[in-house]
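Below is one structure, written out as C-alpha cells; comments come after it.
The values are calculated or read from the model by the stated rules, or taken from the named source; none is laboratory data. Please read all numbers here as calculations on a predicted model, not as lab measurements. Here the Cβ positions follow ideal geometry from the backbone for every residue, glycine too, while neighbour counts run over all protein chains shown.
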C-alpha cells in the first residue's frame, strides 16, 4: 500500500525540525519540544561490549546546554552509543518524560516509559489539549523479530498526532519496509517522516543493513506518502556506510528531492 493525499486535504504548516547530527533532532510539535535519540559526546571510540566499539567521527552541532527546554525524549533504544551516549543519558534526568522500548524503560528507570507496538500515551500541550505519541514497529536489521531482538535488542519508532496538527513519523533504527507498510495501513499518509538512514552496518550481523539505506528510505517515504522527509542517522559515525550524497542521489532519481530537508 502506498499512502496518498486527496486533492481536498488541507495541508498544515510544516513542523519545525532541527537536526544536530547522527540520530539527534529537535521536533517542535503542538507547543512541545521533543528530542530524538540524544547523542552529544565528542568524537572517539565508544564500547559496545565484547571488545567491540563504535567510532564517532564528528561532533554534534549543538550541546545539551544550548537546547533549551526539552519536554519529551523519543528514544528508539538505549543499548547502542550511537543512539544514546553518556551526555544523552545525563540529559534524561532533566526531562519530564522519556519514551522508549519496554525493556529500555526498565533499564533506564526514572521518567522513562516503555511503549509497545501501537501503544499510545498522551502528553499535555502548554496551551491546552494534548498530543498523542504512539509506539510503532521497528526492526533493527534483517530477519524475524524474535531472533533479531535477541542479537540487537528492541527498537521502537513513534507516530505523533494531535487535533489540528500534522502527523509526524519517527522511524528509529528500522531497517525493514514491512513495518513501514503496517504503519501506513493504520495511519495513512504522514506530513513529516523523520527517517533513520545511513545504511548502518557492523560485524554483529555480518554487515547486513541495520538501518534504511538510501533506496529504502525513498521507498519508505513513498509508502507513507510523506509530504516532507527529514533524514537523520547518516553522518558522524564510521559504521554509517551511506551519507548525504547517496541520499541526494536516491531522492533526486525518485523525483522527491524537493521534499527532503537535509541538515
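Summary table
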| item | result |
| --- | --- |
| Subset of the range 175-196 (residues that are in contact (Cβ under 8 Å) with a residue 60 or more places away in the chain and under 16 Å from residue 211 (Cβ atoms)) | 194, 196 |
| Residues satisfying the stated conditions in the range 178-228, i.e. more than 14 Å from the chain's Cα centre (by Cα), within 16 Å of residue 247 (Cα to Cα) and in a helix (DSSP H, G or I) | 214, 215, 216, 218, 219, 222 |
| The range 93-130: number of residues that are part of a strand (DSSP E or B) and within 15 Å of residue 32 (Cα to Cα) | 8 |
| Selection count where residues are in a loop (DSSP other than H, G, I, E, B), out of contact with any strand residue (DSSP E or B) (no Cβ under 6 Å at 6 or more places or on another chain) and either free of Cβ contacts under 8 Å to residues at least 24 places away in the same chain or under 24 Å from residue 37 (Cα atoms) (or both), scope the range 236-261 | 4 |
| Qualifying residue in the range 131-151 (condition: assigned to a helix (DSSP H, G or I) and farther than 30 Å from residue 207 by Cα) | no |
| Subset of the range 160-177 that is within 27 Å of residue 241 (Cα to Cα) and outside any loop (DSSP other than H, G, I, E, B) - its residue that is farthest from the chain's Cα centre (by Cα) | 168 |
| Filter result for residue 231 (crowded, with 19+ Cβ neighbours inside 10 Å, at negative phi, in a helix (DSSP H, G or I) and in contact with a strand residue (DSSP E or B) (Cβ under 8 Å, 6 or more places away or on another chain)) | no |
| Of all residues making up the range 90-112, the number that are in contact with a helix residue (DSSP H, G or I) (Cβ under 8 Å, 6 or more places away or on another chain) and surrounded by 17 or more Cβ atoms within 10 Å (Cβ to Cβ) | 6 |
| Selection count where residues are exposed (fewer than 15 other Cβ atoms within 10 Å of the Cβ), touching a residue at least 12 places away in the same chain (Cβ under 8 Å) and more than 25 Å from residue 241 (Cβ to Cβ), scope the range 55-71 | 3 |
| Qualifying strands (runs of 3 or more DSSP E) (wholly inside the range 1-56; at least 3 residues being closer than 13 Å to residue 73 by Cβ and modelled with pLDDT of 95 or more) | 24-29, 32-36 |
| Filter result for the condition that a residue is surrounded by fewer than 19 Cβ atoms within 10 Å (Cβ to Cβ) and at pLDDT 95 or above, over 224, 195, 215 | 215 |
| Flag if residue 246 is surrounded by fewer than 24 Cβ atoms within 10 Å (Cβ to Cβ) and out of contact with any helix residue (DSSP H, G or I) (no Cβ under 6 Å at 6 or more places or on another chain) | no |
| Any pair with Cβ under 6 angstrom, 6 or more apart, that starts in the range 111-128 at a residue that is on the phi < 0 side of the Ramachandran plot and free of Cβ contacts under 8 Å to residues at least 60 places away in the same chain and ends at one that is part of a loop (DSSP other than H, G, I, E, B) and surrounded by 18 or more Cβ atoms within 10 Å (Cβ to Cβ) | 114/101 |
